Structures are given as C-alpha cells and as structure tokens.
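> Have a look at the structure that comes next, please.
The values are calculated or read from the model by the stated rules, or taken from the named source; none is laboratory data. Remember, it's a predicted structure, so these values are computed and weren't measured experimentally. Every residue, glycine among them, receives a Cβ derived from its backbone with ideal geometry; neighbour counts consider all protein chains shown. To get the accessible areas, we keep the full protein, side chains included, count just its heavy atoms, and leave off ligands, DNA and RNA. Shrake-Rupley method; radii C 1.70, N 1.55, O 1.52, S 1.80 Å.
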Amino acid sequence: MMKAKQFGDIEIKPFEESMRTALYDFRLNERQQIYSSLPKEVLDGAINDPDRRPNIVVNEKNEIIGFFVLHKYYQHEGYDTPDNVVYIRSLSINEKYQGNGYGTTIMMNLPEYVQFVFPDFDHLYLVVDAENEAAWNLYERAGFMHTATKEEGPLGKERLYYLDLDSKYVSSLKLVLNEDNLDNEFVDIHLMKDKQKVGIIVLEDKGQSFDIRSIEVEENERKEGIAESALRQLSTFVRRRFADKKEIHITLFGSNNKLKPLCEKARFVEIQKSEDYIKLMKYIKY
C-alpha cells in the first residue's frame, strides 16, 4: 500500500508508474542542473534498487512540484555515517513552481514524512555543494545540522547535514524577529507555531556574538519540542539577519539543567565549566 502524507496544501508520496509522463515534464534551469539531476535521469536507477525510494510532491491541483529519493543504508564517499541511515538525494523543485515557498514547506515536513515511511530509522542525512548557499540555508532552517565538510567533492567543497529523527521536531515552528526592540542591547525572537506565539528567545548583544539570556515556552507547549526546534534554527536565523555575529553563547546553571541536552543536540559545545555552571557555544560563520 502506498504511503502518502498530506501537509497543508502539498502531499508527499512514493512515485508510481502512472506518474512517469508528468514527471518527465519536470524542468530545472541550467544552473540548478549543476547541483541536482533531473528526476528522469535518476528515476529508473532508484526504482530498480530495493534500498531507494523515489518520491514526488504534488500541490492541491495534483501537479508535480517536487521530487526526491530516499536511500536507505547509503554511504556517501568521504563521510562516516551510521549503517541504519536514510539519505535524501536528488531533491529539487520543478522550475515552473519555484518562488512559491514550496521548497521551505517540503523541507520543514520532510523529516515527519521519513519517520512515517521508515519508522525504524533514526538518522537522516543529505549532502549539498558548499557554494549552493540558498540550499543549505534552507536545510538549516528546517533543523538539519552541518556536521562535516569534504574539501573535494565532484563540484568542489561539500557539506554533510544531519537530522536526528528520534528527536522532537516541530515542522510548523518559525522564528520571527521583534522589530520593535532593536535599539538596545537585547534582541527578542518570537517563537511562532501555526501563526500563534508560543514562546520567546532573548539574546544579548556582545559585539561579535550573542548570549542567549532566556528561552521561554508557553506551559502547554513545553512537551512539544518547541525549545529544541528553536535552538536548531537559531544559528541560521542569526547568521541571515546579523552579518557581524560569529558565535552564539549560552550559560546554564545547575548540574541537571534541562536545556543542556537540547543545546547539545543543536551542536552547541562546552567551552567552560565550574561546579555551578557550564558555558556552551556554537559557531555561526563557517
């Protein structure tokens, strides 16, 4: 039985042979074809491999707007990743439908779709060319973490991205800058879920870095992964809006601070420790 899943005005589902003609009309411009193959170029190879699953994304008119392949147990040359892993490969948006926010919608919901079709897999990876900044900014916005860089890929430097499917993940969470509070040393970032404010992050300006002064989440949302998803998105959010910032810091007090494991999942690293507190840091520019 085909597993399809609806996310708002898009539906993600495995490829079926009846879709072939429509998929062959899928177009990418010349520059995009440098980074990603046309679906028709990888389709048969994916169909004939039991570890690969080609998938399509359709809009409310049942038009094919996106394509990607999920590849179980794949090992990308130059990276050491777990055996029980799924890679996203050949992801692209049909040129005709670009500029409508479909790429963001797909990436924000793709982890949930992978969990839906491969519930026994906890590790999700993808590889992107380093010069394709628009793509890797999107992946980071969707919660993927940059975990490694290979200097010599087919087109030059490559970046490996990872998302832990076993973690809580809120696909509808958005970080929104409070424009009314930019004239002092503190910056407020509202956490918006389904267009409702569910929390806030307060940052203190420290010159070339920000210190996280507080993370607050509405009581009825605390078990839903809001803080964890926000921390995943924060570095990309700051990098895109504050060009002078190079790092984000956070100081946690108490040996059993509940934010510590969430920060570690978001790739913050320990830089200072005492009996009373630990200080963690994450690079923004890399």
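> Of everything in segment 71-86, what is open to solvent by 60 Å² or more (accessible area, probe 1.4 Å) and in contact with a His (Cβ under 7 Å, 6 or more places away or on another chain)? Give them in sequence order.
Selection gives ASN84 alone.
> Provide a single number: the residues in segment 227-259 that are without any contact (Cβ under 8 Å) to a residue 24 or more places away in the chain and open to solvent by 60 Å² or more (accessible area, probe 1.4 Å).
Of the residues in segment 227-259, 4 are without any contact (Cβ under 8 Å) to a residue 24 or more places away in the chain and open to solvent by 60 Å² or more (accessible area, probe 1.4 Å).
> Also: Identify all residues within segment 33-58 that are in contact with an Asp or Glu (Cβ under 8 Å, 6 or more places away or on another chain) and at pLDDT 95 or above; write none if there are none.
Within segment 33-58, VAL57, VAL58 qualify.
> Suppose the filter is touching a residue at least 60 places away in the same chain (Cβ under 8 Å) and of a type outside the set (S, T, N, Q); does ALA266 pass it?
yes
> Kindly provide the set of residues from segment 212-226 that are open to solvent by less than 90 Å² (accessible area, probe 1.4 Å), more than 24 Å from THR147 (Cβ to Cβ) and assigned to a strand (DSSP E or B), ordered by number.
Those that are open to solvent by less than 90 Å² (accessible area, probe 1.4 Å), more than 24 Å from THR147 (Cβ to Cβ) and assigned to a strand (DSSP E or B): SER214, VAL217.
> Give the residues of segment 1-32 that are touching a residue at least 40 places away in the same chain (Cβ under 8 Å), open to solvent by 40 Å² or more (accessible area, probe 1.4 Å) and not aliphatic (A, V, I, L, M), sorted by residue number.
LYS3, LYS5, GLY8, ASP9, GLU11, ARG27, ASN29, GLN32 - these are the residues of segment 1-32 that are touching a residue at least 40 places away in the same chain (Cβ under 8 Å), open to solvent by 40 Å² or more (accessible area, probe 1.4 Å) and not aliphatic (A, V, I, L, M).
> Suppose we filter segment 231-286 for residues that are over 12 Å from PHE210 (Cβ atoms), hydroxyl-bearing (Ser, Thr, Tyr) and not in a strand (DSSP E or B); how many remain?
Result for segment 231-286: 4.
> I'm checking my understanding of the structure. Among residues of segment 33-56 that are open to solvent by 50 Å² or more (accessible area, probe 1.4 Å) and without any contact (Cβ under 8 Å) to a residue 12 or more places away in the chain, which one is nearest to PHE15 (Cα to Cα)?
Top of the filtered list is ASP44.
> Which one of these does PHE253 not meet: (1) within 21 Å of ASP180 (Cα to Cα); (2) at pLDDT 90 or above?
Checking PHE253 against (1) within 21 Å of ASP180 (Cα to Cα); (2) at pLDDT 90 or above, the one that fails is (1).
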